[in-house]
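Colleague: The structure that follows is given in the form of structure tokens.
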Amino acid sequence: MAERAPWPGGPLADYRAIAGMWVRASLAYRASFWVMTVGGALVTGLDFVGLWLMFHTIDTLGGFTLPEIGLLYGATGLGIGVADLLIGSVERIGVHVRMGTLDTMMVRPVPLLVQVCADRFQLRRLSRIVQALVVFGWAAWSVDWTPSRVLVALMMVVCSSTIFFCLFVVFSCVQFWTSDASEFANAFTYGGNTITQYPLTVFPRELVKSLTFVLPLAFVNWYPCLYLLGRPDPFGLPDWLQLAAPVPALVLVAVTALVWRTGVRHYTSTGS
Amino acid sequence: MTGPGLHVAIATRAFRRYSTYRAATLAGIFTNSVFGVIYSYAYLALWDQRPHAGGYDAGDAVTYVWIGQALLMTVAVWGGGTTDDLAERIRNGDVAVDLYRPVGLLGWYLAGDLGRAAYHLLTRGLAPTVIGWLVFHDLFRWPGSPVAAAGAMASIALAVVVSFAMRFLFASTSFWLLDAQGARLLGGVLALFFSGMMLPLVIFPGALRTVALALPWASYLQTPADIWLGQRAGWGLVTGLGLQLLWALVLLGCCQLVLAAATRKVVVQGG
């Protein structure tokens, strides 16, 4: 992707232009837009309703109270929400491969990843972010805020969005090889979101280790939230992990760039 | 070809149609299994705190999770299946052709959906069940008797019919709203919550539990799972299947009424 955009502003301006067009298109059917927006918030919000219903019969889950779990839930929801809003369309790579539209995109003077991500940009995905923010805001009352905790919270949102961003791209790249396996990515993106909605204490130690050192989902919310709550690591892992989120996020960005390039290079058109 | 032979042919073609997406099936099995593992551990944490919540023990709870993952696509809890084709054909007007075929439209789409469900049961139903049994073999529970096994199979078949009728009704809103996306999303949300997919209905609090167990969505997962687990045996098994059958008939009746009304509307539009 060495090609340059022909006008100043670069990839970000390209992204804004394409996304803006899709926003105007989606607002053409206003009623439908709002129904889908509210419906989307309901779908994701049900996860938390489920947790809340669980707490009718219990006081703690894995040693964590409902507000503490709300903090975890809100943080991962924000991360995946931002990533899903900005680049969720990358899931449709397989469709582009099958329909041949990827060829059209490749000859345009805009980076391919920008086009794939901005294609069919859906503003209604904001609903997930809003819904996660509401839960996070509610749960934030239980945090004893200090300047350093505010900083860690901000870092957490940036890093978790970045990590989910990378997972969306990396696992969508599988579709360069098998174009109809889009659901494979869901195990890691939405599955990652689901697993981090729970305190990791409910999972076996080996699983938590692999979520720390192999697929760094534990940095999406678990370690930063332990810092926000002032809790020691229940698994006895070192405390510095609670501040380390930028490291796995940056490593993942590098891996993602590599995988994406390999995927694009491997791509052969289905066209006749 | 007429009568049952035709509907079997439709179901067989639908089965084959879905079986062409092999990579998608494998990817789906993998994803269902990942979610199965996540929910199993979450439920184990819950049952660790309250060992007999909803009359289930930890083994029941884990098995329930895997039955849920097995039925997610089979029963099309979220939506999808042949009713999505119907919604699209209503939107673009092709449904007029369907309505004037010398075959009942409801039976046509139901046969197709049963073929689809059979494929999903054999792949995305069976595989996660086996994986759940392998991963949680000391907790996972197969049906305790031939009656429970046969009852669970009958219950799953009824679950598909109830779900089909419900999806058909939501898709039919296209006749009036033209764009049924909103209605279908709403249908998915209701099904997700009231089927027991999100949380077993048996641990819902108080009146909500009573209401949820009586609604048609309980047929999707809660009833088949309870029969599988032996929570519903004897008379309880009969009433469980009976309620499913009742909902299937009532909802299919509603589908016929909606179709009759819609047919008149399509004729007026076309005339």
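The values are calculated or read from the model by the stated rules, or taken from the named source; none is laboratory data. All values derive from a computational prediction rather than experimental measurement. Note that each Cβ is placed from the backbone with ideal geometry, even for glycine, and that neighbours are counted across all protein chains shown. Just the protein is used for accessible areas: all its heavy atoms, side chains included, with ligands, DNA and RNA removed. Shrake-Rupley method; radii C 1.70, N 1.55, O 1.52, S 1.80 Å.
Colleague: What pairs come up if the first residue lies in segment A:41-65 and is farther than 25 Å from A:P234 by Cα, the second is among the hydroxyl-bearing types (S, T, Y) and part of a helix (DSSP H, G or I), and their beta carbons are under 8 Å apart, counting only those six or more places apart or on different chains?
Modeller: Correct list of pairs: A:A41/A:S127; A:T44/A:S127.
Colleague: Taking the residues in segment A:12-36 that are of a type in the set (D, E, K, R) and open to solvent by 40 Å² or more (accessible area, probe 1.4 Å) as candidates, determine which candidate is nearest to the other protein chains (Cβ to nearest Cβ). Lay out the reasoning, then the answer.
Modeller: First, pick out the residues of segment A:12-36 that are of a type in the set (D, E, K, R): A:14, A:16, A:24, A:30.
Narrowing further to those that are open to solvent by 40 Å² or more (accessible area, probe 1.4 Å): A:16, A:24, A:30.
Details: A:R16: 26, A:R24: 18, A:R30: 12 Å.
Across segment A:12-36, the extreme among qualifying residues is A:R30.
Colleague: Next question, about the same structure. Going through segment B:201-225 one residue at a time, which ones are of a type in the set (D, E, K, R) and more than 14 Å from chain A (Cβ to nearest Cβ)? Reasoning before the result, please.
Modeller: If we filter segment B:201-225 for residues that are of a type in the set (D, E, K, R), which is where we start, we get B:209.
Selection gives nothing.
Colleague: Scan segment B:166-191 for residues that are surrounded by fewer than 22 Cβ atoms within 10 Å (Cβ to Cβ), over 24 Å from B:L99 (Cβ atoms) and hydrophobic (A, V, I, L, M, F, W, C) and jot them down.
Modeller: If the condition is that a residue be surrounded by fewer than 22 Cβ atoms within 10 Å (Cβ to Cβ), over 24 Å from B:L99 (Cβ atoms) and hydrophobic (A, V, I, L, M, F, W, C), then B:L185, B:L186, B:V189, B:L190 are the ones that fit.
Colleague: Right, something else. Would segment A:240-255 turn up any residue that is open to solvent by less than 40 Å² (accessible area, probe 1.4 Å), within 18 Å of the chain's Cα centre (by Cα) and farther than 25 Å from A:F64 by Cβ? Write out each step before concluding.
Modeller: We begin by selecting, within segment A:240-255, every residue open to solvent by less than 40 Å² (accessible area, probe 1.4 Å); these are A:241-242, A:244-245, A:248-249, A:252.
Remaining after also requiring within 18 Å of the chain's Cα centre (by Cα): A:245, A:248-249, A:252.
Right, trim to farther than 25 Å from A:F64 by Cβ and you get A:252.
Yes; the residues of segment A:240-255 include at least one that is open to solvent by less than 40 Å² (accessible area, probe 1.4 Å), within 18 Å of the chain's Cα centre (by Cα) and farther than 25 Å from A:F64 by Cβ.
Colleague: Can you tell me how many residues in segment A:171-181 are out of contact with any His (no Cβ under 8 Å at 6 or more places or on another chain), in a helix (DSSP H, G or I) and over 20 Å from B:I38 (Cβ atoms)? Don't jump to the end; show me each part of the working.
Modeller: As a first pass, look at segment A:171-181 and keep what is out of contact with any His (no Cβ under 8 Å at 6 or more places or on another chain): A:171-175, A:178-181.
From what's left, in a helix (DSSP H, G or I): A:171-175.
With over 20 Å from B:I38 (Cβ atoms) added as a condition, the list becomes A:172-175.
Looking only at that region, the number is 4.
Colleague: Sticking with this one: Of everything in segment B:1-18 that's open to solvent by 30 Å² or more (accessible area, probe 1.4 Å) and in contact with a Phe, Trp or Tyr (Cβ under 9 Å, 6 or more places away or on another chain), which residue is farthest from the other protein chains (Cβ to nearest Cβ)?
Modeller: Within segment B:1-18, the subset open to solvent by 30 Å² or more (accessible area, probe 1.4 Å) is B:1-8, B:12-13, B:15-18.
Checking which are in contact with a Phe, Trp or Tyr (Cβ under 9 Å, 6 or more places away or on another chain) leaves us with B:6-7, B:15-18.
Values: B:L6: 30, B:H7: 28, B:F15: 18, B:R16: 16, B:R17: 13, B:Y18: 12 Å.
In this case the residue turns out to be B:L6.
Colleague: Here is a further query. Filter segment A:207-230 down to the residues that are over 25 Å from A:I129 (Cα atoms), part of a helix (DSSP H, G or I) and not small (G, A, S) and list them by number.
Modeller: Filtering segment A:207-230 for residues over 25 Å from A:I129 (Cα atoms) gives A:207-210, A:213-214, A:230.
Add one more test, that the residue is part of a helix (DSSP H, G or I), and what stays is A:207-210, A:213.
Scanning segment A:207-230 gives A:L207, A:V208, A:K209, A:F213.
Colleague: Among the listed residues A:V82, A:V90, A:V49, which satisfies the condition of being within 30 Å of B:M197 (Cα to Cα), among the hydrophobic types (A, V, I, L, M, F, W, C), open to solvent by 20 Å² or more (accessible area, probe 1.4 Å) and touching a Leu at 6+ places or on another chain (Cβ under 9 Å)? Walk me through it before giving the result.
Modeller: Details: A:V82 fails: touching a Leu at 6+ places or on another chain (Cβ under 9 Å); A:V90 fails: open to solvent by 20 Å² or more (accessible area, probe 1.4 Å).
Residue meeting the stated conditions: A:V49.
Colleague: Here's another thing I want to ask about it. Taking segment B:36-68, which residues are within 26 Å of A:L211 (Cβ to Cβ), open to solvent by less than 30 Å² (accessible area, probe 1.4 Å) and within 12 Å of chain A (Cβ to nearest Cβ)?
Modeller: Matches in segment B:36-68: B:G36, B:I38, B:S40, B:A42, B:Y43, B:A45, B:L46, B:W47, B:A61.
Colleague: Oh, and also: Within segment A:42-51, count every residue that is over 14 Å from B:L201 (Cα atoms) and either of a type in the set (F, W, Y) or more than 7 Å from every other protein chain (Cβ to nearest Cβ) (or both).
Modeller: 4
Colleague: Is it fair to say A:V169 is on the phi < 0 side of the Ramachandran plot, touching a residue at least 60 places away in the same chain (Cβ under 8 Å) and open to solvent by 10 Å² or more (accessible area, probe 1.4 Å)?
Modeller: Working: on the phi < 0 side of the Ramachandran plot: yes; touching a residue at least 60 places away in the same chain (Cβ under 8 Å): yes; open to solvent by 10 Å² or more (accessible area, probe 1.4 Å): no.
So A:V169 fails the test.
Colleague: Regarding segment A:87-104, can at least one residue be identified that is under 30 Å from A:L51 (Cβ atoms) and without any contact (Cβ under 8 Å) to a residue 60 or more places away in the chain?
Modeller: Of segment A:87-104, the ones under 30 Å from A:L51 (Cβ atoms) are A:87-91.
In the following step, the residues that additionally are without any contact (Cβ under 8 Å) to a residue 60 or more places away in the chain were identified as A:89.
Among the residues of segment A:87-104, at least one is under 30 Å from A:L51 (Cβ atoms) and without any contact (Cβ under 8 Å) to a residue 60 or more places away in the chain, which makes the answer yes.
Colleague: In the set A:T178, A:T196, which member is open to solvent by less than 40 Å² (accessible area, probe 1.4 Å) and of a type in the set (S, T, Y)?
Modeller: Working: A:T178 fails: open to solvent by less than 40 Å² (accessible area, probe 1.4 Å).
Step by step, each of A:T178, A:T196 is checked, and only A:T196 is open to solvent by less than 40 Å² (accessible area, probe 1.4 Å) and of a type in the set (S, T, Y).
Colleague: Tally the residues that are without any contact (Cβ under 8 Å) to a residue 60 or more places away in the chain and open to solvent by less than 70 Å² (accessible area, probe 1.4 Å), restricting the search to segment A:107-146.
Modeller: 3
Colleague: Now for a different question. Condition first: more than 30 Å from A:D59 (Cβ to Cβ) and within 14 Å of chain A (Cβ to nearest Cβ). Can you find one or more residues in segment B:81-98 that meet it? Steps first, please.
Modeller: Of the residues in segment B:81-98, the ones more than 30 Å from A:D59 (Cβ to Cβ) are B:81-98.
Subsequent filtering for residues that are within 14 Å of chain A (Cβ to nearest Cβ) retains B:87, B:91.
Yes, segment B:81-98 contains a residue that is more than 30 Å from A:D59 (Cβ to Cβ) and within 14 Å of chain A (Cβ to nearest Cβ).
Colleague: Working only within segment B:83-105, note down all residues that are open to solvent by 10 Å² or more (accessible area, probe 1.4 Å) and under 19 Å from B:V161 (Cβ atoms).
Modeller: Keep residues of segment B:83-105 that are open to solvent by 10 Å² or more (accessible area, probe 1.4 Å), which gives B:84-85, B:88-94, B:96-97, B:99-105.
Hits for segment B:83-105 are B:D84, B:D85, B:V103, B:G104, B:L105.
Colleague: Related question: With the requirement that a residue be at the interface with chain B (Cβ under 8 Å from one of its Cβ atoms) and either outside any helix (DSSP H, G or I) or free of Cβ contacts under 8 Å to residues at least 60 places away in the same chain (or both), what does segment A:189-206 give you?
Modeller: A:G191, A:I195, A:Y198, A:F203, A:P204
Colleague: I'm trying to understand the selection: among the residues of segment A:105-136, which are modelled with pLDDT of 90 or more and basic (K, R)?
Modeller: The answer is A:R125, A:R128.
Colleague: Next up: Is it the case that some residue within segment B:109-117 is farther than 22 Å from B:Y39 by Cβ, open to solvent by 30 Å² or more (accessible area, probe 1.4 Å) and in contact (Cβ under 8 Å) with a residue 12 or more places away in the chain?
Modeller: Yes: segment B:109-117 contains one or more residues that are farther than 22 Å from B:Y39 by Cβ, open to solvent by 30 Å² or more (accessible area, probe 1.4 Å) and in contact (Cβ under 8 Å) with a residue 12 or more places away in the chain.
Colleague: In addition: Does B:R141 satisfy the criteria of being open to solvent by 60 Å² or more (accessible area, probe 1.4 Å), in contact with a Gly (Cβ under 7 Å, 6 or more places away or on another chain) and not small (G, A, S)? Talk me through it step by step, then tell me what you get.
Modeller: Values: open to solvent by 60 Å² or more (accessible area, probe 1.4 Å): yes; in contact with a Gly (Cβ under 7 Å, 6 or more places away or on another chain): yes; not small (G, A, S): yes.
Judged against the criteria, B:R141 is a match.
Colleague: Sort out which residues of segment A:56-79 are within 11 Å of another protein chain (Cβ to nearest Cβ) and either open to solvent by less than 30 Å² (accessible area, probe 1.4 Å) or assigned to a helix (DSSP H, G or I) (or both), and write them in order of number.
Modeller: As a first pass, look at segment A:56-79 and keep what is within 11 Å of another protein chain (Cβ to nearest Cβ): A:56-64, A:69.
Selection gives A:I58, A:L61, A:G62, A:F64, A:I69.
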